[in-house]
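Sending over a structure as structure tokens; questions will come in a sec.
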Amino acid sequence: MTSESNGPRIVRVKKPSHHFSYLIAPSGDYLCSTDGTSLALQGDVDDQAIWDRSGDDFRHVVTGLVVQATHPEVEQRSELLLGGTSINAEGHVDGNAACFTVGHGPEKMPSVYLETLKREGWVALTSILPASVVDGLQRVGCVEAYEGQEPVKVNPIAQDPAVTRATVEPVSLWLARQYMQTRDIKVGHPPGVSSLPPDDGKREVQGWHTDFPYLWGTGDRIPVSAGELVLGMQRNLCVSDFTFENGATRFKLGSHTSNQAPPAEWGVTNDTFRRGHRAEHGLPYGGPDAEVIEAPAGSIVLYDSRTWHCAGVNRTNRKRGAMIQAFIPGYIIPFMDTSATFKAFLSSDVVDQVTEHERRELDRLMVHKIRGPAGMFAITTDAELTQRAREQGGSGATIY
């Protein structure tokens with residue numbers, strides 16, 4: 001951790017030289033072992049689904065079990081064998097060969113990330129997204145090599161399978177479920193790729209706040225502390241390299257335990273978004289009591305939503321891409337309705353370009369459901385009641 005003169009402290013996350021692997025079945029589920037002798041498939045990526053390549057072999061990191069691969073390269077389709085016998089599409093060793101995909105995995109074991117997340121309230125999954133997904137996100141966001149193109153801002157999830165694959169990235173989902181102590185988690189708003197343009201010295205800048213459902217410094221949604229219960233997490237996916245110069249998010253790391261709002265003198269969002277605030281008061285606080293996490297494209301920064309943070313300022317001449325997502329437990333009302341976006345995904349060509357597992361996981365994240373005496377129902381918004389609520393809102397409503 002270093003400091004840029006009187007600016008925030010810089011936490012630099014270096015690109016790893018080694019990554020573990022996944023062995024992904026045709027369904028999209030992950031090959032695992034719990035006993036070191038037998039194989040199975042599972043939908044989550046915990047330590048049991050992590051493999052390490054050695055030549056043409058993959059060693060199961062937890063148990064030491066070794067399987068052979070016909071094509072061990074990342075993102076290649078490969079037949080797998082255990083003891084010379086082929087593994088089938090259900091993960092069983094029966095001689096009926098199936099094509100598995102060698103997946104680009106994490107730098108560290110999921111349990112190691114979880115220890116850090118519980119201790120610090122944040123964790124960086126460095127370069128965890130494969131290059132193909134990063135390229136797809138950059139294409140949707142029109143950043144990096146695609147900066148000269150004009151983004152289509154409607155339903156990004158229906159434009160490229162990379163948006164789905166990033167949304168259902170398995171290690172961060174497992175961590176979020178563990179940290180929030182529930183398997184039923186949702187995204188708080190529809191997935192999308194944003195870009196931070198070069199700063200013009202005039203535009204208003206997002207101030208300090210915490211995120212949904214807490215939103216300290218942004219309005220009136222401030223739940224009372226619930227002890228160890230976590231009501232939300234944020235996931236920042238670095239579509240471009242995140243640096244201090246191009247406006248990487250500023251944090252007050254560790255502030256999630258304070259159960260307090262950021263100090264008003266730091267410049268909170270409710271104030272900084274008001275027209276003319278920057279000209280009169282300058283930028284939000286960016287001194288040595290804050291931190292900036294610098295990370296390469298394809299990285300994920302996962303953190304407790306109570307952590308104070310604000311947008312950085314892009315001092316370069318290039319746009320910086322990001323995919324910012326909120327996770328909430330299924331019992332929290334979402335920040336925005338995601339049902340229409342999911343329906344657009346279902347009617348797009350992209351739905352046939354992702355695996356059964358990815359479709360199933362996206363459904364779990366984006367469709368809010370309730371089960372009652374009359375059966376299962378999907379919950380969505382009502383147009384007429386929405387208009388009525390807006391008419392009743394009046395001028396006292398928050399910016400959200």
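The values are calculated or read from the model by the stated rules, or taken from the named source; none is laboratory data. What you see is a predicted model; the values in this text were computed from it and never measured. Backbone-built Cβ (ideal geometry, glycine too); neighbour counts: all protein chains shown.
Can you pull out every residue in region 99-135 that is of a type outside the set (F, W, Y) and in a strand (DSSP E or B)?
Across region 99-135, the qualifying residues are C99, T101, V102, G103, H104, V123, A124, L125.
So is L173 in a loop (DSSP other than H, G, I, E, B), of a type outside the set (S, T, Y) and buried (at least 22 other Cβ atoms within 10 Å of the Cβ) or not?
no
Spot the failing condition for L215; the list is (1) without any contact (Cβ under 8 Å) to a residue 12 or more places away in the chain; (2) on the phi > 0 side of the Ramachandran plot, and only one is missed.
Checking L215 against (1) without any contact (Cβ under 8 Å) to a residue 12 or more places away in the chain; (2) on the phi > 0 side of the Ramachandran plot, the one that fails is (1).
Being closer than 30 Å to D352 by Cβ, in contact (Cβ under 8 Å) with a residue 40 or more places away in the chain and part of a strand (DSSP E or B): is that true of V45 here?
Against the criterion (closer than 30 Å to D352 by Cβ, in contact (Cβ under 8 Å) with a residue 40 or more places away in the chain and part of a strand (DSSP E or B)), V45 does not qualify.
Same structure, new question: For region 242-288, name all the residues that are of a type in the set (S, T, N, Q), touching a strand residue (DSSP E or B) at 6+ places or on another chain (Cβ under 7 Å) and assigned to a helix (DSSP H, G or I).
Answer for region 242-288, where residues must be of a type in the set (S, T, N, Q), touching a strand residue (DSSP E or B) at 6+ places or on another chain (Cβ under 7 Å) and assigned to a helix (DSSP H, G or I): S255, T269.
Of the conditions (1) out of contact with any Asp or Glu (no Cβ under 6 Å at 6 or more places or on another chain); (2) in contact (Cβ under 8 Å) with a residue 60 or more places away in the chain; (3) crowded, with 20+ Cβ neighbours inside 10 Å, G254 clears all except one; give me its number.
(3)
Right, another one. Return the total of residues in region 363-381 being under 21 Å from F345 (Cα atoms) and either in contact with a helix residue (DSSP H, G or I) (Cβ under 9 Å, 6 or more places away or on another chain) or small (G, A, S) (or both).
9
Within region 188-212, track down each residue that is surrounded by 21 or more Cβ atoms within 10 Å (Cβ to Cβ) and outside any loop (DSSP other than H, G, I, E, B).
L196, W208, H209 - these are the residues of region 188-212 that are surrounded by 21 or more Cβ atoms within 10 Å (Cβ to Cβ) and outside any loop (DSSP other than H, G, I, E, B).
Still on this model: Name the pairs whose Cβ atoms lie under 9 Å apart, with the first residue in region 369-390 and outside the structural domain of P190 (by TED's automatic domain parsing) and more than 21 Å from F335 (Cβ to Cβ), the second at pLDDT 90 or above and surrounded by fewer than 10 Cβ atoms within 10 Å (Cβ to Cβ), and 6 or more positions between them or separate chains?
none
If you don't mind, another one. Restricting the search to region 21-37, which residues are touching a strand residue (DSSP E or B) at 6+ places or on another chain (Cβ under 8 Å) and in a loop (DSSP other than H, G, I, E, B)?
A25, P26, S27, D29, S33, T34, G36, listed by residue number.
So, one more: Which of the helices (runs of 4 or more DSSP H) contained wholly in region 306-400 include at least 2 residues that are over 29 Å from F273 (Cα atoms)?
339-346, 356-366
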